Amino acid sequence: MKEVIKAVIIDDEADAIEVLSLLINKYCPQINVIGTFDSPQEALNELPKLDCELLFLDVEMPKLDGIQLLQQIAHLRDEFHVIFTTAHDQYALPALKEQAIDYLLKPIDPDDLVTAIEKLPFLKLKKLKVISSKGTELIDYNDILFAKASGSYAELYLLDGSKRTLSQGLKFIEREYQSKFSFKTHRSYLINLQHIVSYKIEKDKGMVTLKGGHEIPISRERKEAFKMSV
């Protein structure tokens, strides 16, 4: 697996660059942003000097739009992949025709960002190897909603609504599920931070709601660590 992917962001709006940078830092730890440009003309001059593997490129920019910029650096296209960002859905078709990996519609949704990153050909998804009644399975980290202790076993709840009862316990999952997004909210629960819908923190406890309406308790001892993780 490729550990770090070097990326560059080009967008004429500084706020958009800042938001995307924050999202990448929080949800895509395998991406290292090595450069940002709010001027497409400056980017045009500097890109050949950078060892860029992934380009986040705004479509609509003054004087030189994203598609025009790509056309001018066609000789470099074998060196990096492109993900377009745009506030206008009508740009999707020409973006894909320019052989972009994907496009992201602003305001960018974290799930859409993660999905786009997963399309990179050199990036393999990390998987959790588990043993259940279905046999041995490799489950993508991003498909995990949460795990729950059930005696000496554990129950694994997935994004598609299915559940696996594992022969391994929660401690096994906690040890093997090596992801920036895994968090133990309670001695009996391990959640995927990517799939949080909402949460509420009170004096002695808390509650987090995940996709699918699952409500998971946050213990008093884990409250502060949880707040620092979201």
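Throughout, read-outs are computed from the coordinates displayed, never taken from laboratory work. Just so we're clear, the structure is a prediction, and the values are computed from it rather than from any experiment. Ideal geometry is used to build each Cβ from the backbone, glycine not excepted, and the neighbour counts take in all protein chains shown.
For GLU13 and GLU221 in the same chain, what is the full-extension length gain: residue separation times 0.36 nm, less their Cα-Cα distance, in nm?
Between GLU13 and GLU221, full extension yields 70.7 nm more.
May I ask you to derive the FRET efficiency for GLU174 and ASP51 from their Cβ-Cβ distance with R0 = 45 Å, giving the value to the nearest 0.05?
With a Förster radius of 45 Å, E is 0.80.
With an 8 Å Cα cut-off and a minimum separation of 6 or more residues, compute the relative contact order for region 5-118 in percent.
Here the relative contact order equals 25 percent.
Taking neighbour counts of Cβ atoms within 10 Å as a proxy for exposure, in what order, fewest first, do ASP111, ASP143, ASP78 appear?
ASP78, ASP111, ASP143
Residue separation times 0.36 nm, minus the C-alpha to C-alpha distance between ASP111 and LYS134: what's the value?
Between ASP111 and LYS134, full extension yields 5.5 nm more.
Per-residue ellipticity at 222 nm for the chain, helices alone: DSSP H runs ≥ 4 residues times -39500 (n - 2.57), over residue total, nearest 500 deg cm²/dmol?
After summing the helix terms and dividing by residue count, I get -6500 deg cm²/dmol.
Given a Förster radius of 45 Å and the C-beta distance between GLN71 and THR209 as r, what FRET efficiency does 1/(1 + (r/R0)^6) yield to the nearest 0.05?
After rounding to 0.05, the efficiency reads 0.45.
Need the full-extension length gain, ASP78 to GLU42, defined as separation in residues times 0.36 nm minus the C-alpha distance. One decimal, nm.
Between ASP78 and GLU42, full extension yields 10.9 nm more.
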